[in-house]
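The values are calculated or read from the model by the stated rules, or taken from the named source; none is laboratory data. Just so it is clear, the structure is predicted and the values come from calculations on it, not from any experiment. All Cβ positions, even for glycine, are placed from backbone atoms using ideal geometry, and neighbour counts span all protein chains on display.
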Amino acid sequence: MKVAGFTFIRNARQFDFPVVEAITSVLPLCDAFFVAVGNSADDTLQLVKSIPTRKIVTIETVWDDSLTEGGSVYARETDKAFDAIPDEYEWCFYIQGDEVLHEKYLEEVRSAMLQWWSHPEVEGLLFSYRHFYGTYDYVGDSRHWYRKEVRIIRNDKSIRSYRDAQGFRKAGRKIKAVAVNAEIFHYGWVRHPLHMQRKIDAVQQYYGGLTSNEAANRTMQLDFRRADSPLLCGGEFQFDYSKNYDALTRFTGSHPAVMKERIQKLNWNVTPDLSRKNMTLRYRVLHWFEKMTGIRPFEFRNYTLVKRSRFSGFPKSYQKGE
């Protein structure tokens, strides 16, 4: 079984993407890793090439800035990286530039790929998500944060990135996936407030005339309000983390080892009110119901879940270390 990783990235330094950590976190599972590096205003290409491994394959791309509806340019760039993967790789691990896999899940994910490899009806593997906000100490705690997404897919080029690269579709339908007991740590909302505002402003052009905050909401699948009075620093606006959330909780677990140096360099402070629940009555009721039952009513699922009960044990071809 051969596995290829893939991602896309542009202006990683300018917008402070942890793309090196993202790629590095899944490299132990990959025989090769394909990166579509977009035309950048910084040294993103050199940054990717500086990762100490021979597994990296870079594809230099030019973003189509005429794609201004629904963030479709992100899906286009994802497909460029995916299409560069040769047929010899059976599974393809997609990781975005602000997502990281904790090393404690490596063997679980490896076993899942081996387990479902010879079951062609399983087209993808589904991961849970933990979304960090403000700093590395807080996570989103509401239905505005998506809970699961497919991040490993078959090397089947009829599979295409969906909408703004949220997930994947095969011939227009949802991917048939099984759940893996593993989490993706999403750090897209953990940046210095200046970098966060720059990132929000930059995505605006790819969402068809939306305001910068509306564009950020669409990109991250959130529904937050813009700060009433952004702070000024060096003539630029800074994102106000203290106002732009609906519900948070404190994170008490461990972060991936690849994030250690980045976490140590944190140089801003966010102290949210964890008792705050900035929600409409409808969302308060849904939030309460989810907390009581673990069920999220009306949840959008970008996949079709294949129940494990349909299968009995490991495939006959499964062997340790294969």
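If only residues of segment 1-23 that are among the charged types (D, E, K, R) and in contact (Cβ under 8 Å) with a residue 60 or more places away in the chain are counted, the one that is farthest from Tyr187 (Cα to Cα) is Lys2. Restricted to segment 240-272, and to residues there that are of a type in the set (Asp, Glu) and in contact (Cβ under 8 Å) with a residue 24 or more places away in the chain, the residue that is nearest to Tyr138 (Cα to Cα) is Asp246. Within segment 1-23, the presence of a residue that is of a type in the set (Gly, Ala, Ser), out of contact with any Ser or Thr (no Cβ under 6 Å at 6 or more places or on another chain) and surrounded by fewer than 23 Cβ atoms within 10 Å (Cβ to Cβ) is excluded. Given Ser72, Ser50, Ser118, Ser142, which one is under 21 Å from Arg10 (Cα atoms), among the polar types (S, T, N, Q) and at pLDDT below 95? Being under 21 Å from Arg10 (Cα atoms), among the polar types (S, T, N, Q) and at pLDDT below 95 holds for just one of Ser72, Ser50, Ser118, Ser142, which is Ser72. Candidates Tyr89, Tyr136, Tyr129: the one that is aromatic (Phe, Trp, Tyr), surrounded by fewer than 21 Cβ atoms within 10 Å (Cβ to Cβ), modelled with pLDDT of 95 or more and assigned to a strand (DSSP E or B) is Tyr129. Exactly one residue out of Ala182, Ala202 is modelled with pLDDT of 95 or more and among the hydrophobic types (A, V, I, L, M, F, W, C): that is Ala182.
Of all residues in segment 55-62, none satisfies being of a type in the set (Val, Ile, Thr), under 22 Å from Val3 (Cα atoms) and within 18 Å of the chain's Cα centre (by Cα).
The rows are residues; the columns are (1) crowded, with 17+ Cβ neighbours inside 10 Å; (2) among the hydroxyl-bearing types (Ser, Thr, Tyr); (3) closer than 17 Å to Asp156 by Cα.
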{"site": "Val35", "(1), (2), (3)": "yes, no, no"}
{"site": "Ala41", "(1), (2), (3)": "no, no, no"}
{"site": "Lys49", "(1), (2), (3)": "no, no, no"}
{"site": "Lys55", "(1), (2), (3)": "no, no, no"}
{"site": "Tyr74", "(1), (2), (3)": "yes, yes, no"}
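Residue check, Arg110 against (1) surrounded by fewer than 22 Cβ atoms within 10 Å (Cβ to Cβ); (2) of a type outside the set (Ser, Thr, Tyr); (3) part of a strand (DSSP E or B), all met but one. Which one? The number of the failed condition is (3). Here the condition is being aromatic (Phe, Trp, Tyr), within 20 Å of Glu261 (Cα to Cα) and at pLDDT 95 or above; of Phe82, Phe17, it holds for Phe17 alone. Among residues of segment 163-187 that are more than 24 Å from Tyr207 (Cα to Cα), those with a beta-carbon under 8 Å from a residue that is of a type in the set (Asp, Glu) and part of a strand (DSSP E or B) at least six positions away or on a different chain give the pairs Ile184/Glu99; Ile184/Glu149; Phe185/Glu99. Residues in segment 146-162 that are part of a loop (DSSP other than H, G, I, E, B), within 17 Å of His119 (Cα to Cα) and touching a residue at least 40 places away in the same chain (Cβ under 8 Å): Asn155 only.
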